[in-house]
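Participant: First the structure, then my questions, so here it is.
The values are calculated or read from the model by the stated rules, or taken from the named source; none is laboratory data. Remember, predicted model here, so these are calculated numbers, not experimental data. Neighbour counts are summed over all protein chains in view; Cβ atoms, including those assigned to glycine, are modelled from backbone coordinates with ideal geometry.
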Amino acid sequence: MKKVRFIHAADLHLDSPMAGLRDLPLPILKRLRESTFAALKRIVDAAIANEVDFVILAGDLYDGDDRSLKAQSRFRAEMERLSENNIAVYAIHGNHDHLGGTWVKIAMPDNVHLFGTETEAVLHKARSGADVWMYGFSYPTRHVTERKVYTYEKKAGGDFHIGILHGNDGSSSEHGSYCPFTVGELIDRQFDYWALGHIHKRAVLSESPPVVYPGNIQGRNRKETGEKGCYLVRLGEDGVNLEFIEANDVIWKEIEISAKGARDFDSILRLSLDWKEKLRKNGIGTLLSMTLKDVNLDNESELDSLHSTLAELVQDGEEEESSFVWTNEIAIVEEASWKREELAAEADFYNELFQMAEEFGDINDVVEPLYGRLPGRKYLSRLGKEEGARILEDAEHLLVHLLREKG
């Protein structure tokens, strides 16, 4: 029976600088800066262990258009490992590592086919004897805004047809609208599989035929939470099977914990430590953002200690762990001892405060100057709706707390 087995990965962002994370302990920061290379190694390990026919890399192999020599050298070493196991690689360049940049070039082994700036089709002969047509192109410049999907012309013959495309289906506002397409447009091409890149959150946009974003291989900031990796794809005459393989070396997590009923500092410390252990993963580091809600301590000095010392105690010793859980942020949300309606009725000032909070609008409008000038824009990403709403809620609670405290 004609069949093919392959790995689909995208958005490697090799040698990403992990900007804005300098407050981490040096061992953890070094681990994070090496994490993209560790993730690539795990993907290659998976390709070899599963004896795949080929590996697809759907864009943004490197983090920048200058593609560092370190990144190229590490990438070539992994491609040579695949070559030694007779595994081909089909790769495209995306908006981050477009072909219009300037760099010192390191040649890749013969098993690697890098698509050029014009859409082309390449025939691959699988171990089962299946003929597989691969289609793709690399970005000539950073900004490709045309609908390149219409340049993917299906070849006559062949057992399977796979499109490789780095672009945006419009579902994410966090990524540039490069090479836009709709799922319907892809399905109309009548291919057997669409290997997508560009969106860092994995998603299966269609099951028949499969239209798949594998996400990036390693989270690089607190917005890129959850497991990251690649898909092992088994494509045959009887259908398709997708298996996600985790590859990240460091994972970003966000959790909310209710501290309701905890009346002293030690109870909340133990609660935080217990949750930290629940999230520890063998061989993988975790960067944790923890929100403690419903905090209501009887002792004011213990509450002050919670704000000033809890994070340090929860972090203690983690920089020495290979499977670290580093709590890089602890947000403490106190249980409100007041109700909006009662305060609004109590004084016009509170009523005006709450009305102002409701009409505030987009918090990004306030911090926009930071995005528009160097060096700030290099290290800041715009706040999402949920994050912005949380900041506004915290600000409201803090204002009410200070006003009631001062009487």
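Participant: Quick one: is A107 out of contact with any Asp or Glu (no Cβ under 9 Å at 6 or more places or on another chain) and either surrounded by fewer than 17 Cβ atoms within 10 Å (Cβ to Cβ) or part of a strand (DSSP E or B) (or both)?
Facilitator: yes
Participant: Give me the residue from the range 1-23 that is more than 21 Å from H113 (Cα to Cα) and among the aliphatic types (A, V, I, L, M) and, out of that set, surrounded by the most Cβ atoms within 10 Å (Cβ to Cβ).
Facilitator: M18
Participant: Regarding E78, is this residue over 27 Å from D188 (Cβ atoms) and crowded, with 18+ Cβ neighbours inside 10 Å?
Facilitator: Yes.
Participant: Taking S267, is it touching a Ser or Thr at 6+ places or on another chain (Cβ under 8 Å), outside any strand (DSSP E or B) and in the same structural domain as D298 (by TED's automatic domain parsing)?
Facilitator: For S267, the condition - touching a Ser or Thr at 6+ places or on another chain (Cβ under 8 Å), outside any strand (DSSP E or B) and in the same structural domain as D298 (by TED's automatic domain parsing) - is not met.
Participant: Further, regarding this structure: Select from the range 246-261 the residues that are surrounded by fewer than 20 Cβ atoms within 10 Å (Cβ to Cβ) and not β-branched (V, I, T) and write down the one among them that is farthest from L32 (Cα to Cα).
Facilitator: Out of the qualifying residues, it is G261.
Participant: If you don't mind, another one. Looking at the range 101-112, I want the residues that are outside the structural domain of S138 (by TED's automatic domain parsing) and have a partner that is outside any strand (DSSP E or B) with Cβ atoms under 7 Å, at least 6 apart or on another chain. Which pairs are those?
Facilitator: From the range 101-112, no pairs qualify.
Participant: Next up: Does the range 177-188 include one or more residues that are surrounded by fewer than 13 Cβ atoms within 10 Å (Cβ to Cβ) and in contact with a helix residue (DSSP H, G or I) (Cβ under 9 Å, 6 or more places away or on another chain)?
Facilitator: Taking every residue of the range 177-188 in turn, at least one turns out to be surrounded by fewer than 13 Cβ atoms within 10 Å (Cβ to Cβ) and in contact with a helix residue (DSSP H, G or I) (Cβ under 9 Å, 6 or more places away or on another chain).
Participant: Hey, L26 hits all of (1) more than 30 Å from Q315 (Cα to Cα); (2) exposed (fewer than 15 other Cβ atoms within 10 Å of the Cβ); (3) at pLDDT below 95; (4) in contact with a helix residue (DSSP H, G or I) (Cβ under 9 Å, 6 or more places away or on another chain) but one; which does it fall short on?
Facilitator: (1) is the only condition that L26 fails.
Participant: Right, next: For I56, are the conditions met, namely being part of a helix (DSSP H, G or I), out of contact with any Pro (no Cβ under 6 Å at 6 or more places or on another chain) and of a type in the set (V, I, T)?
Facilitator: no
Participant: Follow-up question, since we're still on this one. E84 fails exactly one of the following numbered conditions: (1) free of Cβ contacts under 8 Å to residues at least 24 places away in the same chain; (2) surrounded by 14 or more Cβ atoms within 10 Å (Cβ to Cβ). What is the number of that condition?
Facilitator: (2)
Participant: Next up: So V52 fits all but one of (1) in contact (Cβ under 8 Å) with a residue 60 or more places away in the chain; (2) under 16 Å from N328 (Cα atoms); (3) over 17 Å from the mean Cα position of the chain (by Cα); what number is the exception?
Facilitator: (2)
A quick yes/no check of all residues on (1) over 16 Å from L123 (Cβ atoms); (2) assigned to a loop (DSSP other than H, G, I, E, B); (3) modelled with pLDDT of 95 or more:
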residue	(1), (2), (3)
G163	no, no, yes
S171	yes, yes, no
G184	yes, no, yes
I187	yes, no, yes
L196	yes, no, yes
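Participant: Can you pull out the residues in the range 140-161 that are of a type in the set (A, V, I, L, M, F, W, C) and either at positive phi or part of a loop (DSSP other than H, G, I, E, B) (or both)?
Facilitator: V144, A156
Participant: Please go through the range 278-294 and pick out each residue that is touching a residue at least 40 places away in the same chain (Cβ under 8 Å) and either crowded, with 18+ Cβ neighbours inside 10 Å or among the acidic types (D, E) (or both).
Facilitator: G285, T286, L287, L288, M290, L292, D294
Participant: Tally the residues that are under 22 Å from F137 (Cβ atoms), modelled with pLDDT of 95 or more and in a loop (DSSP other than H, G, I, E, B), restricting the search to the range 76-97.
Facilitator: Final tally of qualifying residues: 1.
Participant: Let me ask something else. On the basis of being farther than 16 Å from N216 by Cβ, surrounded by fewer than 16 Cβ atoms within 10 Å (Cβ to Cβ), out of contact with any Pro (no Cβ under 8 Å at 6 or more places or on another chain) and acidic (D, E), does D45 make the cut?
Facilitator: Taking the combined requirement at face value, the residue satisfies it.
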